[in-house]
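Worksheet for the structure shown next.
The values are calculated or read from the model by the stated rules, or taken from the named source; none is laboratory data. The model shown is predicted, which means the values in this text are computed figures rather than measured ones. Cβ atoms come from the backbone with ideal geometry, glycine included; neighbour counts cover every protein chain shown.
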């Protein structure tokens with residue numbers, strides 16, 4: 001299908017969303033009864049495992065009921081993982097069409113993506129927020145879902161007209177697509193069928209082989225270590241790192257592509273699989289440098305296999321004391337889906353420890369705790385976990401290494417955060433000084449969304465939200481040689497990201513400044529108007545950023561100014577490539593970086609101000 005190239009912003013839709021959010025929040029969705037097959041006893045009641053011998057209609061019924069329960073449950077507490085044992089699901093006569101809602105993980109249990117084949121579709125559509133029908137249909141809030149480790153043979157049988165033209169994956173932040181082999185059709189990252197093309201604010205793909213992709217109205221996207229048959233469209237930053245078939249970026253910003261031939265540092269996310277004897281294991285991929293293409297092209301992803309018996313399989317009923325006791329005994333940690341109240345830190349002290357969450361397992365800070373505290377040791381992996389601030393102020397939500405610690409990390413085995421998400425507000429009031437603090441050297445952040453909520457918990461004016469739902473800094477990096485691939489940070493009340501370590505690298509950065517400062521006086525950094533969305537410390541002498549955007553939407557006070565979107569030291573070793581600012585209809589960013597670049601103001605709403613590189617040539 002030939003689509004017009006989409007370049008304009010539709011943030012008027014986002015503004016209408018906020019007006020409707022309070023109404024939507026009052027609708028209580030009663031989930032339908034779900035008759036599910038029993039999951040394995042060691043993975044708990046919130047994990048459902050399918051077998052290829054099960055009738056397709058029974059699997060379809062379970063997944064349809066799950067989607068009905070979760071499609072509008074944006075701030076709810078239900079979490080679930082639906083896992084598929086090796087085999088084939090769906091047929092040409094009876095394809096399996098799966099729609100994925102909030103806090104849902106769909107994954108194969110094979111050692112490689114080809115071990116689980118789904119004939120049908122895996123989809124996310126625009127979410128309609130008005131009148132229970134097709135009013136205000138957008139993808140800008142399609143957060144928190146996971147898809148991975150399977151082959152999808154796109155089959156549109158049973159769908160007519162527009163829906164038969166592609167597999168739709170219309171998502172925004174905190175959604176990952178990993179270890180997929182997609183064949184037989186087109187993958188569209190926007191839903192152009194529900195109320196026409198609508199905007200989305202994603203997203204992330206890694207370690208996947210894909211057909212032609214219609215990016216369409218996605219405002220930003222990172223595709224890492226993959227193979228693509230083709231790519232069309234794009235709005236702002238579209239970044240490709242180590243991707244075979246990636247488009248050339250010589251014409252930047254038209255189209256707005258940023259292409260790296262290889263990924264400087266990568267480690268794929270751990271995944272659960274069933275071996276030939278029927279035993280459950282976790283594959284823990286190894287870290288690698290300067291990589292390109294999928295990790296499974298020549299067999300099993302390089303790394304180590306850890307039997308599930310070496311994990312403590314936790315549920316929300318388990319105390320932190322018990323979890324820490326198991327970690328101290330040498331166990332890894334698997335968090336089954338659910339919401340965990342964390343009143344003291346989960347302490348990860350042993351090198352090489354794996355903490356793997358299923359189904360968006362969520363850790364909520366209680367009494368001002370630091371929910372996860374990682375020692376300054378090599379090789380720790382935290383993956384698939386969401387961390388929520390609580391009502392009492394937490395100094396940090398996840399801390400890697402102590403400030404001024406021993407720095408015992410090693411470059412060959414970096415501590416890695418994969419699909420780790422943070423929320424300050426949203427489902428409830430949240431307060432933190434800093435969401436993510438990285439003090440260790442040689443840390444890899446592979447896809448994170450660090451979000452101070454701009455909507456969700458209701459009953460506050462924007463001014464009250466500014467005083468109540470507080471988050472000073474989203475990400476603070478103090479360690480050296482830290483790499484971030486897919487760094488999404490939004491709405492914090494000072495610098496959204498502060499990078500103090502040397503030799504840091506970021507591949508795709510996305511930021512929205514806070515919507516809710518009441519006055520300019522509330523948004524001042526000393527004598528400077530506002531706080532840059534991305535700040536590299538004044539003393540830093542080496543830093544690289546590939547593809548970054550800072551957006552402004554000061555809806556609470558459109559007269560507010562921010563002097564710079566980016567602020568970095570003036571030194572040859574600090575390089576920014578393909579950066580931009582954009583106005584979303586309220587407020588002004590005066591310059592892109594360090595006083596350079598035209599204003600992003602209301603005379604050019606939705607029109608980015610680009611710099612191909614900084615320092616200027």
- prompt: Could you list, in sequence order, the residues of the range 501-536 that are in a loop (DSSP other than H, G, I, E, B) and surrounded by fewer than 19 Cβ atoms within 10 Å (Cβ to Cβ)?
  reply: 502, 503, 518, 519, 526, 527
task: State whether the residues of the range 242-255 include one that is assigned by TED's automatic domain parsing to the domain that holds residue 126, crowded, with 22+ Cβ neighbours inside 10 Å, modelled with pLDDT of 95 or more and within 27 Å of residue 552 (Cβ to Cβ).
output: no
Complete set of residues in the range 547-572 that are more than 14 Å from residue 511 (Cα to Cα) and in contact with a strand residue (DSSP E or B) (Cβ under 7 Å, 6 or more places away or on another chain): 555, 558, 561, 563, 568, 569
message: Which of the numbered conditions does residue 111 fail, given that it passes all the others? Conditions: (1) in a helix (DSSP H, G or I); (2) touching a strand residue (DSSP E or B) at 6+ places or on another chain (Cβ under 8 Å).
response: (1)
task: Output the number of the condition that residue 444 fails; it satisfies all remaining conditions of (1) buried (at least 24 other Cβ atoms within 10 Å of the Cβ); (2) in contact (Cβ under 8 Å) with a residue 40 or more places away in the chain; (3) under 18 Å from residue 355 (Cβ atoms).
output: (1)
query: Do you know which residues across the range 596-613 are under 27 Å from residue 575 (Cβ atoms) and part of a strand (DSSP E or B)?
result: 596, 600, 609, 610, 611, 612, 613
- prompt: Out of (1) under 18 Å from the mean Cα position of the chain (by Cα); (2) closer than 15 Å to residue 107 by Cβ; (3) free of Cβ contacts under 8 Å to residues at least 60 places away in the same chain, the odd one out for residue 149 is which?
  reply: (3)
- prompt: Restricting to the range 467-496, what's the tally of residues that are assigned to a loop (DSSP other than H, G, I, E, B) and more than 19 Å from residue 393 (Cβ to Cβ)?
  reply: 5
query: Under the condition of being within 25 Å of the chain's Cα centre (by Cα) and within 18 Å of residue 547 (Cβ to Cβ), which residue from the range 576-606 is surrounded by the fewest Cβ atoms within 10 Å (Cβ to Cβ)?
result: 577
query: Before we move on, is residue 318 farther than 30 Å from residue 228 by Cβ and in a strand (DSSP E or B)?
result: no
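To keep it simple, each residue is scored yes or no on (1) closer than 26 Å to residue 81 by Cβ; (2) surrounded by fewer than 22 Cβ atoms within 10 Å (Cβ to Cβ); (3) in the same structural domain as residue 82 (by TED's automatic domain parsing).
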residue	(1), (2), (3)
99	yes, yes, yes
135	no, yes, yes
162	no, yes, yes
168	yes, no, yes
